[in-house]
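Q: Before anything else, here's the structure in question.
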């Protein structure tokens, strides 16, 4: 499911300068998509709401200097990247506090639990927070937000080729880590 | 499927995981609820420029009370330190209100006791027992000083210019953000403010300190031991309702208003 559509590419500027952005119009048009983009990464409603709000407040404080061709992809990418940062922060906290406390903060997928969708979603988010940030960004922007490689490249200020390579590494890293999780779950079951 | 351009052999094992995330998308009612909160937040941000995004809290107003807080908190700017604070920092930058009770003891005897309250408009109320109170309102660019024993008051204009930008030089929060280091999780837990607290022991800038936080990382208390038997403890409470009157710049009826020239500090 892609978050983009042709109707998203009308820049809601109210004047010539990029600083005169109609934030209200953007919020009405894309607020829900921004919330959803954050939620897909973070998996928590309250945190997704915070990220959604911060995305738009940041627009007020620091409007983009360049005209934005596709606001929906731009805002969703901001949301996704902020959610990845939040995901990494929370997992860093877990590592810091150690297994004793980590399991109480945000339980890791438990080996032996049923491999249902909730378990799978939780596993993917866990892994996403543990691979390098740039890999996580490329993966989430491509897979969750449905951005094209060229769009990701522009948003991250890297080449399309670099996006492709990073994405490939991300998929491999995620696949390996998830395989390890599944393997542990299998061992526990047996 | 969004992952079509990725090699089929690579994505196939992940597809069920990707689908699981996408199929968990929030219900429309939840998105609507988030949308309402977003509109309200934007209204607040628009009507009160000082109420910016989370990371900009504790701007100008904080600078005004930084002189009080710096001795207790600038440990984060020194070499080494506590990784824990990288997580704890989020709570300091993302609050609606923050109440801090600070007590400094020498030889076990309290010598300084202060209560610092900050709201989501960056307004600050600092109370030093029955001696004096400061109310700082960056939106009004004014500070009210109340000297309780003398029943005197002073209204002091804050410096002109962009309050947030001017605060950058004294923004200890920025230094906290940049802090990297290690902290040791203590074996024993404690009960602070009625909550189970996890302690992190660290030494920074030659000071031994313990940061107590809840299991979710919310800071509860910071305890420091300095040279000469000086001990400082700061207890934090986030997002508790604060009385609007506490941040009023109105001079109490029984206080005499001084001119600003006489408002540099507590009166004799």
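Q: Under the definition of partner shielding as Cβ atoms of other protein chains within 10 Å of a residue Cβ, what is the mean value for peptide B:185-191?
A: What the average comes to for B:185-191 is 1.
Q: Per residue of B:26-35, what is the mean number of Cβ atoms on other protein chains within 10 angstrom of that residue's Cβ?
A: Values: counts 10, 1, 1, 0, 7, 11, 3, 3, 15, 8.
Mean inter-chain Cβ contacts per residue within 10 Å come to 6.
Q: Along Cα→Cβ, 7 Å out, is where each label goes; now give me the distance between the ones at residue B:150 and residue A:66 in nm to one decimal.
A: 5.9
Q: Say each of residue B:237 and residue A:168 gets a label point 7 Å from the Cα, pointing the same way as Cα to Cβ; how far apart are those two points in nm?
A: 5.8
Q: While we're looking at this one, here's another question. Could you list A:72, B:245 in order of exposure, starting from the residue whose Cβ has the fewest other Cβ atoms within 10 Å? Display every interim value, and only then the final one.
A: Details: A:72 22, B:245 8.
Ranking A:72, B:245 by Cβ neighbours within 10 Å, fewest first, gives B:245, A:72.
Q: Using a 10 Å cut-off around each Cβ, can you sort B:43, B:235, B:137, B:32 from fewest to most neighbouring Cβ atoms? It would help to have the intermediate numbers written out before the result.
A: Details: B:43 11, B:235 18, B:137 22, B:32 14.
By the 10 Å Cβ count, ascending: B:43, B:32, B:235, B:137.
Q: Calculate the FRET efficiency for residue B:44 and residue A:184 from the Cβ-Cβ distance with a Förster distance of 56 Å, rounded to the nearest 0.05.
A: With a Förster radius of 56 Å, E is 0.75.
Q: Using R₀ = 30 Å, calculate the FRET efficiency as 1/(1 + (r/R₀)^6) where r is the Cβ-Cβ separation of residue B:141 and residue B:37; round to 0.05.
A: 0.50
Q: Now, a different point. Run the numbers on the stretch B:211-257 and let me know its relative contact order in percent, using alpha-carbon pairs under 8 Å that are six or more apart.
A: 22
Q: On to the next question. What nm distance separates the two modelled labels at residue A:158 and residue A:130, each placed 7 Å from Cα along Cα→Cβ?
A: Rounded to a tenth, the inter-label distance reads 2.1 nm.
Q: If I take R0 = 41 Å and measure r between the Cβ atoms of residue B:27 and residue B:191 in this structure, what FRET efficiency does the formula 1/(1 + (r/R0)^6) give, to the nearest 0.05? Please report the intermediate quantities before stating the final value.
A: Working: r = 38 Å, r/R0 = 0.93.
Efficiency for this residue pair is about 0.60.
Q: Mind checking the mean number of beta-carbon atoms from other chains within 10 Å of the Cβ atoms in A:48-56? List each step's numbers first, then the result.
A: On the way: counts 4, 9, 6, 1, 6, 11, 6, 2, 6.
Neighbouring Cβ atoms belonging to other protein chains average 6 per residue here.
Q: Order these by the 10 Å Cβ neighbour count, fewest first: B:120, B:254.
A: Result, fewest neighbours first: B:254, B:120.
Each value in this text was obtained by applying a stated rule to the coordinates, not by laboratory testing. Model, not experiment: these values are computed from the prediction. A quick note on method: Cβ atoms are made from the backbone with ideal geometry, for glycine too, and the neighbour counts reach across all protein chains shown.
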